[in-house]
Each structure stands twice: as structure tokens, then as C-alpha cells.
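Notes follow once the structure below has been shown.
The values are calculated or read from the model by the stated rules, or taken from the named source; none is laboratory data. None of these values were measured; they are calculated from a predicted model. Cβ placement follows ideal geometry from the backbone for every residue including glycine, while neighbour counts extend to all protein chains displayed. Just the protein is used for accessible areas: all its heavy atoms, side chains included, with ligands, DNA and RNA removed. Shrake-Rupley method; radii C 1.70, N 1.55, O 1.52, S 1.80 Å.
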Amino acid sequence: QVQLVESGGGLVQAGGSLRLSCTASARTITNYAMGWFRQAPGKEREFVAHVRSSGGHTYYRDSVKGRFTISRDKAKNTVYLQMNNLKSEDTAVYYCAAGTGMILTSMRNPTQYNYWGQGTQVTVSS
């Protein structure tokens, strides 16, 4: 099966930036839609951003629009989440996910993804 490994999390001050990376174990991940989700303490896992297999269509939750950018490099089997102007409310464990056979409206639902990474902690101090 596909294995996903996230990296790039850490502790930053509000207004700072981080770039998260998610690398897949198989080249076939290029045919999967990829998503980023996050989960803060005491809260449910929530959608952050996703990109289709083509890399041409992206979608973001409202609270990160204009600050976060999802992209993918198929040659490197990697998807990125560039996070700028970080806020304290962005603090969470961030998870990379991969899925196939989804329609656009389903891609914001974590239950529709087939594979998940272990998560990387992002902490933003205010």
C-alpha cells in the first residue's frame, strides 16, 4: 500500500512561515488526489487543502485562503503545503492524505481518503 511521510512541522512565531512536505512511497500516488488535514487538541480533524492528481485544481478552507498554498511535484512523489502568515489558530497536527475515485465535493471529507501519514506538529506562538 501507499505510505505517506510528512515533514516540515515545527515551532514558529505568528506571522512566520513553514513548508510541509508529504512524500509518497510509490509513483502511483501521482494518480491520486492529495489533501492536507489538521487536528488541534480537543477538536475533530478538519480539511485544510487539496489538489487533484493533475495538480491543476486546488481548494482551500476559507480560513487559510491567501495564506496557504498546496502544490505537488509528481517527479518527486511529493505534495507540499506552504504556510505563510501563520496564526496561533493554525496550531495543530497536520496530516497528509491520498485518495482516488473522489469527486470534488468529497475531497474535503477525511473519510474519503485511502491513505494517511503519521502527522507533523505545527505550533504557532503568539
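Observations, loosely collected:
- Total residues in segment 21-33, condition open to solvent by 40 Å² or more (accessible area, probe 1.4 Å) and modelled with pLDDT of 90 or more: 1
- The listed residue being surrounded by 15 or more Cβ atoms within 10 Å (Cβ to Cβ) and out of contact with any strand residue (DSSP E or B) (no Cβ under 6 Å at 6 or more places or on another chain), out of ARG45, ARG67: ARG67
- Count of segment 109-126 residues, restricted to those that are under 15 Å from SER17 (Cα atoms) and among the hydrophobic types (A, V, I, L, M, F, W, C), is 2.
- Exclusive hit being small (Gly, Ala, Ser) and more than 24 Å from GLN112 (Cβ to Cβ), set ALA14, ALA33: ALA14
Residues are listed down the side, and each one gets a yes or a no for (1) open to solvent by 50 Å² or more (accessible area, probe 1.4 Å); (2) over 23 Å from GLN121 (Cβ atoms); (3) basic (Lys, Arg):
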{"residue": "GLU6", "(1), (2), (3)": "no, no, no"}
{"residue": "GLY9", "(1), (2), (3)": "no, no, no"}
{"residue": "GLY16", "(1), (2), (3)": "no, no, no"}
{"residue": "ARG19", "(1), (2), (3)": "yes, no, yes"}
{"residue": "GLY35", "(1), (2), (3)": "no, no, no"}
{"residue": "ASN84", "(1), (2), (3)": "yes, no, no"}
{"residue": "CYS96", "(1), (2), (3)": "no, no, no"}
{"residue": "THR100", "(1), (2), (3)": "yes, yes, no"}
{"residue": "PRO110", "(1), (2), (3)": "no, no, no"}
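- The strands (runs of 3 or more DSSP E) located wholly in segment 20-64 that include 1 or more residues which are touching a Phe, Trp or Tyr at 6+ places or on another chain (Cβ under 9 Å) and of a type outside the set (Phe, Trp, Tyr) occupy 33-39, 46-51.
- Of the residues making up segment 96-119, those that are at pLDDT below 90, part of a helix (DSSP H, G or I) and of a type outside the set (Gly, Ala, Ser) number 2.
- Failed criterion for GLU89 (all others in (1) exposed (fewer than 13 other Cβ atoms within 10 Å of the Cβ); (2) out of contact with any helix residue (DSSP H, G or I) (no Cβ under 9 Å at 6 or more places or on another chain); (3) not polar (S, T, N, Q) hold): (2)
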